[in-house]
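Take a look at the structure set out below.
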Amino acid sequence: MRKNQESLGLPKLSKNKSAVSAKNSKSNTGKSQNSTHDKAHSKSRHATSDKKSKYDTIPAASRSYLTGRIDMKQTGKAYLLPDNKEMEDVFISANNTKHALHGDLVKIFLFPSRQGRRLEGQVVEILERDKKQIVGIIEIGPKFAFLIPDNNNIPVDIFINKEDLKTAKNGDKVLVKIVDWPEHINNPIGEVTLVLGRPGDNNVEMQSILAEYNFPLFYPEAAQKEAQKMSAQIPAKECKERRDFREVYTCTIDPADAKDFDDALSFQVLANGNSQVGIHIADVSYYVKPDSAIDQEAYDRATSVYLVDRTIAMLPERLCNDLCSLRPNEDKLCFSVVLEMDASAQVVDTWIGRTLIHSNNRFAYEEAQEKIDAYLATLPNKDTKDQAKNVNSAPKTSKAKKTQPKPEADDLLATNAILSLHKLAAILRERRFKSGAINFQSQEVRFRLDPQGKPLGVYIKESKEANHLVEEFMLLANKKVAESVGKVKADKAGKKTAKTFIYRVHDEPNQEKLQTFMQFVAKLGYSINNKSRVRLADSFNKLLDDVQGKGEQSMIETIAIRTMSKAYYSTDNIGHYGLSFPFYSHFTSPIRRYPDLMAHRLLERYAEGGASANKDEYEEKCDHSSKMERKAAEAERASVKYKQAEFLSDKIGQNFYGIISGISKWGIFVALEDNYCEGMVSLKTLHDDFYELDEDNYRVVGKNTKRSYKLGDRVKIKVQSVDMNKKQLNFGFEE
């Protein structure tokens, strides 16, 4: 039953209650997480204050009201991220948010623009709630309870009547849905929908992260039943209608712990001396039909989510780990890009269509790398030109015949195929960077876990030649698929009409952000040349190479990526700036990405002579997929932060060496050398002097002693405290 203010018998509810005092006493570490974002908002506005504002580009009739998403801060203030990408963010004070929460789609009234001041507005209507449920910890008082949200960007607690607690006990982590929020009450009213369990339990915490980012915790029963009814037997008629690659050597190369193998590579030498490379992708569209229960759930999820200790698959396990997984020694249905390539890795012919394959081997990256390392050890150097020699040295490869070959011969077949693919991939990679692709790198933190999910160690995932081998052919397949639809030939009347397709696009960097980044790296002794597209890419690649192993590496890599636009899905092709591809799509992972499944369906439609699909319908699907992709990335980062906090939770009081990775007005961020965990030294804990922030030089300086801590410095810290709920690490300097 919904409660109104009168039935509660309470004045306006607020966070200033004893039951929620812990929530109100935000730590400085929590504040620091917003400081960088606030600074970015501020810089964006100041950058346009002395020239024509982006506000002036909006038609006068549309200036009073705007729509967009709310970016809420824990203080209650917010920013509107306008739907109109031409506009800068709009500031909204805490008393003008009208019960909007972080991520909500809202309509605001825009206050009149003032010279030299940032745009401000007021929420007038909440169009769509971003969160259907909120995760947090229950605090139960004598007469009522509150939910303390896990998300620091939700600045209010949720009031809960005791009869709406279900079985929740004080301190439990739960899911709560908002059932009412009367206009004159500060706190929303909710009811518990699911009790997750006790905080600190690994499964409870991982489920909490999924719920926080709106990913379902269970797969619907209707979809599960659909999957179970699917036959593993491939009809003979289906086999006859496909191009048969079962007699061509084929293998998969994946992480050692992978369970779903959604891509495979085949290799053989043709009679003319060229190589034939097949990029074979699991044919999910054969099994998942439009508007089925599985299809609807897959669309809603839009992507698989990879947390530290688990994968939350887009598809039911029956599909992703069984029917569609390209497991060795089994006939499998694929959608393939088959390329004929010469010795210099030039593509001389492309075929795209449905196939039937039989994988001979399943390699982990480490196993494939061993073969490549053995080959590289025979070279005088690792020059790509040397690798290109004898690219077709492998014999004509074919699938193992009915009479099984000797193990030695089978291994030779696999080795020849992997080395030939590696040589071609090395040439493709070198050519891609020469043509203007940017070699973005970021450290991927991985954990060694015990059976209960407790982190025992931390390491950085390495990307070597075996990873590059797979990556280059997947990139090439995605490029060729996009070109097959996007490159439109004129008809007899000279008219070009492109058919609707799903592109993976990446815009040019914002020039203001680029200039800021150039100034930033210049202070650290690096330079960026932006006189041309290729020079800019070369400069970025050189910078990313130069910072390897240095204290500022993580910070520069992170800011470099943020300087660039974000890649997203769209039916409007603008090319992919980072890859330097004029046409690019996502085709190679339909098991874990819904846009790839849409691309497969559109390719089949057009191959059968179908008319162009509805552009508006597919653009809406692209927007949804992009949004869910961002949420998945945020959930993955949250799981890493939690495990980092858990890893250090039993190391309070211990000392570590680290590198200063960031500076803010709240404190100094330090990334530890041995375990890659990042925490903050609050400026409040530096008692030897009063420290001032020198933003221009990325340091803090003692007012009296002139002692400074700057970006990239190596320091010794002590772990002072760990806040598991907030996923925050608090450090102190050890002299």
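Summary of computed values
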item: Surface accessible to a 1.4 Å probe, residue 716 within the full protein complex, Å²; result: 70
item: Listed residues 230, 378, 70: farthest to the positive end of the dipole of the chain (Cβ charges); result: 70
item: Estimated inter-spin distance, residue 608 and residue 703, nm [label 7 Å along Cα→Cβ]; result: 7.5
item: Accessible solvent surface per residue of the chain, calculated while the other protein chains remain in place, 1.4 angstrom probe, Å²; result: 47
item: Accessible area (Å², 1.4 Å probe, nearest 10) - residue 666; result: 70
item: Rounded FRET efficiency, nearest 0.05, which uses the C-beta distance separating residue 483 from residue 167 and R0 of 51 Å; result: 0.35
item: For residue 330, residues with placed amide H under 5 Å, excluding near neighbours; result: 359
item: Full-extension gain in nm, residue 696 to residue 464, via 0.36 nm per residue minus C-alpha separation; result: 79.8 nm
item: Residue 415 accessible area, assembled protein chains, probe 1.4 Å, Å²; result: 30
item: Full-stretch length increase - residue 530, residue 240 - with 0.36 nm per residue and alpha-carbon distance subtracted; result: 99.0 nm
item: Relative intensity, log₁₀ I(q)/I(0), of segment 441-512 from a Debye sum that treats every alpha carbon as a point, q = 0.11, 0.12, 0.18, 0.21 Å⁻¹; result: -0.60, -0.67, -0.94, -1.02
item: Rounded FRET efficiency, nearest 0.05, which uses the C-beta distance separating residue 129 from residue 64 and R0 of 35 Å; result: 0.90
item: Pairs beyond 22 Å (Cα-Cα), from 523/566; 332/464; 77/131; 461/643; 73/727; 229/615; result: 523/566; 332/464; 229/615
item: Simple label model, 7 Å out from Cα along Cβ direction - residue 411 to residue 716, nm; result: 5.0
item: Protein accessible area in the chain, 1.4 Å probe - carbon and sulfur %; result: 48
item: Contact order normalised by residue count of the chain, Cα under 8 Å, 6+ apart, percent; result: 10
item: Computed magnitude of the charge dipole of the chain (debye, nearest 20; Cβ of K, R +1, Cβ of D, E -1); result: 1320
item: Segment residue 565-residue 98, extension gain: residue separation times 0.36 nm, minus the distance between their alpha carbons; result: 165.0 nm
item: Using alpha-carbon coordinates, inclination of helix 594-607 to the longest axis of the chain, degrees; result: 40
item: Degrees between helix 465-486 axis and first principal axis of the chain (Cα, 0 to 90, nearest 10); result: 90
item: Backbone HN-Hα couplings from phi across segment 189-205 [Karplus 6.51/-1.76/1.60, Hz, Gly and Pro as x]; result: 10, x, 9, 6, 9, 7, 8, 7, x, 8, x, x, 5, 4, 5, 4, 5
item: C-alpha long axis of helix 511-523 to longest principal axis of the chain, angle in °; result: 80
item: Distance between modelled label sites at residue 497 and residue 616, nm, 7 Å Cα→Cβ extension; result: 1.8
item: Pairwise FRET efficiency - residue 444 versus residue 512, Cβ, R0 = 30 Å, nearest 0.05; result: 0.55
item: Dipole of segment 662-735 [Lys/Arg +1, Asp/Glu -1 at C-beta], most positive-end residue of 691, 711, 670; result: 691
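The values are calculated or read from the model by the stated rules, or taken from the named source; none is laboratory data. Keep in mind the model is a prediction, meaning the values are calculated, not measured. In this analysis, Cβ positions are derived from the backbone assuming ideal geometry, glycine residues included, and neighbour counts consider all displayed protein chains. Protein only, heavy atoms only, side chains kept; ligands, DNA and RNA dropped before computing areas. Shrake-Rupley method; radii C 1.70, N 1.55, O 1.52, S 1.80 Å.
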